[in-house]
């Protein structure tokens, strides 16, 4: 069973539907016991980092997610959920993340050509390192996925699982063993996205 | 490199697609679900559903349909039509819409944009403006293009973006339905005024018009059209193939 963590940020309808469509047994939950019993955990998220991190703490699930990830359970962060896997974020101040992956979230404006529009919205190509993380074994170099974000992972080179180009290099995915995160939205990325979610269900 | 988006727009009334759709090989040509699936399979980068229903029953049908589309199609969905309050945002976002487009509702109540952006994020709020030249000035029209608001369009769009609209759809009433190409002059004026993604609408009659658009204004992010896609005059795979050949980045 896959548990999507519901800590009060954003709408989880599409995310849940996308897992259903790849044949997964999926629940949306804010119950720590359900997360502990699940085979895999998905951490979603939209909005501002500080606000979301606070909500995750207030829900009492912050430490549960860390403990489950440390026990080796596959964990997939999506968009802001991916950002929360890292140590900290500099979005409007400085906020602590789950610290499961080394690195920090910074504005993409510090990385990209300053004539480009922010947020980075739309379909962009994924580029993988020579040795691909198993999460991406069924997708190809250059496949397009859908992004909507203004911040991205930095100082996370050792865990960078995919990048994308937008007037500079942006972190598109991170992964360290069982802890994985996509900056893009696999649930809005057509067949490529569904393939990634299906692969996650089988890891 | 970020790709240029191609967006079909579907008008929905009482839960059915209207404006006539003429596809071969589709069992139910007015089912929003089969059309959405068709477009998604063809490579559409996003879909816009425009609810032109007037009745409350029709609205309920629309949200049922939207939920069904969002559980079948996994590309971004934008919903517009009849969005007047934050409750309207809530109603369609709960059914799986990713973005909500406001038009007349924002003209009546301009603070709607800011309130929605604050609650759901800028990326969620699309300002859609129907614009027409009146004595050489770009004016904003309300109520589906029937009523001149008297507001200068570029100022209105700037105001909307400052308030938190994360994207702008510019519908040129002057070129809409003429099939003689997008309104490059109008789109350029908007493009020079704001730094958020701009979706061009109104005037596409063939593949060349998309090429012209993206060549003439490299900062335009997307092209939206309805009838030329619905009537099969332009097939999205052919359009994308041609754009690719012309060196314009597209998702294929």
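The values are calculated or read from the model by the stated rules, or taken from the named source; none is laboratory data. Computed from a predicted model, the values in this text were never measured in an experiment. Cβ: placed from backbone, ideal geometry, glycine included. Neighbour counts: every protein chain shown.
For this structure, a couple of remarks:
- Qualifying residue in the stretch A:115-126 (condition: more than 10 Å from chain B (Cβ to nearest Cβ) and touching a helix residue (DSSP H, G or I) at 6+ places or on another chain (Cβ under 6 Å)): no
- Selected residue (criterion: surrounded by the most Cβ atoms within 10 Å (Cβ to Cβ)) from residues of the stretch B:104-121 that are touching a strand residue (DSSP E or B) at 6+ places or on another chain (Cβ under 7 Å) and at pLDDT 95 or above: B:106
- Restricting the search to strands (runs of 3 or more DSSP E) fully inside the stretch A:1-70 and requiring at least 1 residues that are within 14 Å of chain B (Cβ to nearest Cβ) and either within 20 Å of residue A:173 (Cβ to Cβ) or at pLDDT 95 or above (or both) gives A:26-29.
- Hey, residue B:180 within 14 Å of chain A (Cβ to nearest Cβ), surrounded by fewer than 22 Cβ atoms within 10 Å (Cβ to Cβ) and assigned to a loop (DSSP other than H, G, I, E, B) or not: no
- Residues of the stretch A:151-169 satisfying the condition of being closer than 30 Å to residue B:198 by Cα and either away from chain B (no Cβ under 14 Å) or touching a helix residue (DSSP H, G or I) at 6+ places or on another chain (Cβ under 6 Å) (or both): A:152, A:153, A:154, A:162
- The single condition from (1) modelled with pLDDT under 80; (2) out of contact with any helix residue (DSSP H, G or I) (no Cβ under 8 Å at 6 or more places or on another chain) that residue B:11 fails is (1).
- Unmet requirement for residue B:89, which otherwise passes all of (1) part of a helix (DSSP H, G or I); (2) surrounded by fewer than 19 Cβ atoms within 10 Å (Cβ to Cβ); (3) within 14 Å of another protein chain (Cβ to nearest Cβ): (2)
- Verdict on residue A:70 being within 29 Å of residue B:66 (Cβ to Cβ) and surrounded by fewer than 23 Cβ atoms within 10 Å (Cβ to Cβ): no
- For the condition assigned to a strand (DSSP E or B) and touching a helix residue (DSSP H, G or I) at 6+ places or on another chain (Cβ under 9 Å), residue B:100 qualifies.
- Taken over the stretch B:51-68, the criterion of being surrounded by fewer than 24 Cβ atoms within 10 Å (Cβ to Cβ) and either touching a residue at least 12 places away in the same chain (Cβ under 8 Å) or within 12 Å of chain A (Cβ to nearest Cβ) (or both) is satisfied by B:52, B:53, B:55, B:57, B:58, B:59, B:61, B:63, B:64, B:65, B:67, B:68.
- Whichever residue in the stretch A:89-114 is surrounded by fewer than 18 Cβ atoms within 10 Å (Cβ to Cβ) and within 26 Å of residue A:36 (Cβ to Cβ) and, among such residues, is nearest to the other protein chains (Cβ to nearest Cβ): A:96
- Filtering the stretch B:203-218 to residues that are assigned to a loop (DSSP other than H, G, I, E, B) and within 17 Å of the chain's Cα centre (by Cα) leaves B:203, B:204, B:205.
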